[in-house]
Amino acid sequence: MEIQPLSSGSKGNMTWIGSSGGALLIDAGLSAKRCEERLIDAGKDIRQVRAILLTHEHYDHIQGVRILAKRHHIPVYLNQITADAAILKGYLEDVELHILQNGRNFQLGEFTIHPFTVSHDAADTINYTIKCKDFAFGIFTDLGFVSSLVKQKAQLLDAMILEANHDLELLKASSYPLELKRRIRSRQGHLSNSESLDLLEESLSAGRLKKVWFAHLSEENNDHVLLKEQYDQRIAATSLQMEIAQQHKVSAPFLIQ
């Protein structure tokens, strides 16, 4: 199983999940052209993609989905409420849709996929855990708080993509309007560095996690160097591999066999 964030942040999100039997994309939030360019940059063949798994209908997660899916005949998996919201906005015209059920596993090739509900200000946001043979991966982004369900799932993973959207002090000092700051900090907003590190610390106690990517960093309200310092202060020396997923270029792949 191979995991590779191809873009992460408010300007677009996309992640590659690959195996010997094919691949999945989680979201496609760049333009279709940029999505294709990122796949080329990563050395990936879009013909291997069996499905696009959509988390929610916000533009930075869905922008390229319609054209990419139609051009390359890729089915899109999402829940009904997100489908209704996205169709209303004209995002999924003439796309092959497969409606999934929150909390119910489904199988695509070698992948066992589990979609689950998180709290965010979209119609019905979901995150995913994905298993391939004995390896388990999860993505936790675009969530306003860490629920007991998220904590439970994070304990069972070998690798995760974990939102660290903002540093609270940088957000407080930013020029963002007060209403936007409140939205970001709300239980339907985004995780702070501190909240992300809390979850990571708890997840490490299970002794299974091997790799984490911090993701969806705000370019205005966060800083890679600051996050790395906070990580070093909070997380004791372990064999955990840590990386910050990039907005403007692909991240290094993580392969486990």
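The values are calculated or read from the model by the stated rules, or taken from the named source; none is laboratory data. As the structure is a computational prediction, the values presented were derived from the model and not from experiment. Glycine also receives a Cβ, built like all others from the backbone with ideal geometry; neighbour counts cover every protein chain displayed.
Some observations on this one:
- Of the residues in the range 219-234, not one is in a strand (DSSP E or B) and more than 15 Å from the chain's Cα centre (by Cα).
- Residue count, the range 45-96 (criterion: surrounded by fewer than 16 Cβ atoms within 10 Å (Cβ to Cβ), in contact with a Leu (Cβ under 9 Å, 6 or more places away or on another chain) and over 23 Å from M1 (Cα atoms)): 2
- Residue match in the range 17-25 (condition: touching a Ser or Thr at 6+ places or on another chain (Cβ under 8 Å), buried (at least 24 other Cβ atoms within 10 Å of the Cβ) and modelled with pLDDT of 95 or more): yes
Yes/no per residue for (1) among the aliphatic types (A, V, I, L, M); (2) touching a residue at least 60 places away in the same chain (Cβ under 8 Å):
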residue: N102; (1), (2): no, no
residue: G109; (1), (2): no, yes
residue: S119; (1), (2): no, yes
residue: G138; (1), (2): no, no
residue: D158; (1), (2): no, yes
residue: E169; (1), (2): no, no
residue: L178; (1), (2): yes, no
residue: I184; (1), (2): yes, no
residue: S196; (1), (2): no, no
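- Counting only helices (runs of 4 or more DSSP H) that fall entirely inside the range 1-116 and contain at least 1 residues that are among the aromatic types (F, W, Y), the qualifying elements are 59-62.
- Residues located in the range 241-257, provided they are out of contact with any Asp or Glu (no Cβ under 8 Å at 6 or more places or on another chain), part of a loop (DSSP other than H, G, I, E, B) and either among the aromatic types (F, W, Y) or modelled with pLDDT of 95 or more (or both): A245, Q246, H248
- Only residues that are crowded, with 16+ Cβ neighbours inside 10 Å and either more than 12 Å from the chain's Cα centre (by Cα) or part of a strand (DSSP E or B) (or both) were counted in the range 132-144, giving 8.
- Of all residues in the range 241-257, those satisfying the criterion of being surrounded by fewer than 16 Cβ atoms within 10 Å (Cβ to Cβ) and either over 19 Å from the mean Cα position of the chain (by Cα) or over 29 Å from K172 (Cβ atoms) (or both) are Q241, K249, A252, P253, L255, I256, Q257.
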